[in-house]
Structure formats: C-alpha cells, structure tokens
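For reference, the structure is listed below as structure tokens.
The values are calculated or read from the model by the stated rules, or taken from the named source; none is laboratory data. All figures in this text were calculated on a predicted structure; none of them were measured in a lab. Every residue, glycine as well, gets a Cβ built from its backbone with ideal geometry; the counts of neighbours run over all protein chains shown.
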Amino acid sequence: PPPPAAPRTRSSGSAGGGRQARPAPVPRPNGTLYHPRRLGKGWDVEELRRLRTQQVPVLLYGPPGTGKTAMVEAAFPDLLTVAGTGDTVVDDFLGSYNPVPGGGYEFIHGPLVTAMREGRVLLVDDATLIPPRVLAVLYPAMDGRGVITIPAHGNETVEAVDGFYIVAGHNPGVHGAVLTEALASRFTVHLHVTTDWDLARQLGVPKQVVAAAIDLNADLAAGKTMWAPQLRELLGFVKVRDHLGITAALANLAGIAPEDARDDVTAALSRHTGTPITALALGKR
C-alpha cells in the first residue's frame with residue numbers, strides 16, 4: 001500500500017520566501033504530538049515517507065532522548081518495532097513456537113515477517129546493541145532480494161510486498177553499541193538526530209535550563225562529561241515542574257543524571273539558574 005499522505009501544513013510566516021510551510025504537529029500512537037523538523041529541502045516526516053517510496057533505507061543516530069523514535073512513529077502509522085538489546089535473538093524477528101490452550105504449539109510469526117507480508121515499516125530500535133549474527137537476518141530482506149527463510153518453521157519462504165521498509169536507530173556512545181560495516185552499508189542515509197533547543201523553549205523549558213543543557217552537550221561532545229540532558233529529559237523537567245515546582249524539577253534533573261556525570265549537571269544548572277541544586281530527596285516530616 002502507498003505511504004500515508006503528508007501531514008497538513010500551516011503558514012511559516014515567510015510568504016513569498018520560497019520555503020515550504022511548516023507542517024502541523026503530527027500525532028503519535030501514544031497521543032503526543034511530534035513537531036516536524038527541517039530535513040534537506042523539506043521536513044523530516046515528509047522526507048522519510050518519500051525515502052520509503054524510493055526504498056532508500058535510513059539509519060538514525062544520536063544520543064538517547066533526541067526524538068528518533070518519535071519521528072519514525074509520526075512518519076509511519078503502520079510501524080512495527082523491535083527494541084534491540086544484547087539479548088535480542090533471531091526469533092524476535094522471525095517468530096517462534098508458542099503453547100496453545102489444550103496442548104500443543106503454534107508458530108507465531110515475528111514483526112519482520114509481518115512487515116514483509118503486509119508491506120509495513122519495521123523500526124529496529126537500538127540496532128547496534130543487537131549481536132551482529134542476529135542482525136544478519138535482516139540483510140536478505142534489504143539487499144534487493146526481498147526474500148527470507150524461516151529455518152525454525154520448515155524453511156518457510158517469505159517475500160516482501162510493496163511498502164515494506166526498514167529503519168534503524170543507533171545510539172553512539174551507549175555501552176555495548178557497535179556499528180558494524182555490514183550494518184552501516186545497508187543504510188544509504190545516515191541521519192544525525194540532535195535535540196531541537198528552539199522546540200524545547202517553545203514547549204515551556206526555561207531558557208536558563210536550555211542554556212545549561214546546551215553547555216552540557218558541548219562538554220559531552222568534547223569528552224568532558226559522560227551525559228547531557230536531551231529533549232526527553234527536558235520535557236520531563238516541564239512535567240515535574242508543573243506538578244512539584246521549579247526547585248524540585250531542577251533537583252530531579254540533576255538526580256536522573258548518571259552518577260559519574262551528576263556533579264557536572266548540578267554545576268551547569270546552578271551556574272545558569274543561580275540556584276544551589278542537589279539531587280531530589282525527601283525532606284523531614
């Protein structure tokens with residue numbers, strides 16, 4: 001089936017400037033809205049859909065929490081997902097035998113098979129945490145052959161129909177993540193996804209907190225710290241602030257930082273907000 005239509009657009013305030021109008025926010029399956037960002041000559045959600053029609057696979061990479069999964073969910077309502085870990089096995093893609101009421105077993109096909117047969121999109125999230133020998137199950141489906149076999153089910157053959165498409169996510173720097181040449185070469189487009197600081201401010205994150213996050217991300221890139229907050233953590237900050245107040249929200253943002261980066265986060269937040277900060281903790285009765 002053809003990919004879904006491009007999202008509605010609204011005026012970007014640059015009439016006559018030759019720039020495409022900014023698309024309206026796109027609903028995600030969990031009900032939250034994704035705010036499209038510029039990509040090439042257009043907008044990310046629209047461009048991902050075009051790449052699907054041309055069968056140009058995309059590898060998204062960047063720190064956790066920058067919106068990689070949100071972008072893919074917004075672009076493809078027919079999405080299926082495999083969440084990669086070091087324990088992911090071939091059965092997580094192809095399927096396995098499961099017990100049925102009354103005795104016996106039934107083979108339940110996995111998300112790769114479903115996506116191929118139904119012409120849907122498969123997101124392999126945290127793909128570089130998956131052992132390379134397991135990821136190899138994807139390659140026949142991506143190499144133009146579009147055919148795989150299921151050894152555990154009598155070497156059943158599965159052929160991809162139109163619309164089938166694979167997107168993968170990679171979090172560089174995450175412990176255990178390994179981007180092999182075999183995986184990287186299967187993706188024509190490698191797209192770096194970073195936090196949209198303007199969007200963070202637009203969604204209510206105080207400018208001082210955004211400034212601290214920008215500094216921490218610069219330190220992260222320079223190897224001076226081990227962690228920096230991304231959009232996910234900043235939106236969490238807004239929720240905590242709305243429920244518990246600004247002081248608790250600042251303390252919580254410091255507290256969720258990994259222990260080896262907590263002092264750096266605390267120092268940056270204190271410097272930009274002018275407020276002494278410690279990790280969130282219960283007070284006295």
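So here's what we get for this one:
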| quantity | calculated |
| --- | --- |
| Meets criteria (over 23 Å from residue 38 (Cα atoms), in a helix (DSSP H, G or I) and modelled with pLDDT of 95 or more) for residue 232 | no |
| Restricting the range 61-91 to residues that are closer than 18 Å to residue 229 by Cβ and out of contact with any Gly (no Cβ under 8 Å at 6 or more places or on another chain), the residue that is surrounded by the most Cβ atoms within 10 Å (Cβ to Cβ) | 67 |
| Selection count where residues are more than 22 Å from the chain's Cα centre (by Cα) and in a strand (DSSP E or B), scope the range 86-136 | 10 |
| Check on residue 81, in a loop (DSSP other than H, G, I, E, B) and either assigned by TED's automatic domain parsing to the domain that holds residue 30 or not hydrophobic (A, V, I, L, M, F, W, C) (or both) | no |
| Residue list for the range 237-261, filter: within 24 Å of the chain's Cα centre (by Cα), touching a residue at least 12 places away in the same chain (Cβ under 8 Å) and part of a helix (DSSP H, G or I) | 237, 238, 240, 252, 253, 254, 255, 261 |
| Residue pairs meeting the criteria (Cβ under 8 Å; at least 6 apart or on separate chains; first among the charged types (D, E, K, R), in the range 22-36; second outside any loop (DSSP other than H, G, I, E, B) and surrounded by fewer than 17 Cβ atoms within 10 Å (Cβ to Cβ)) | 22/9; 22/10 |
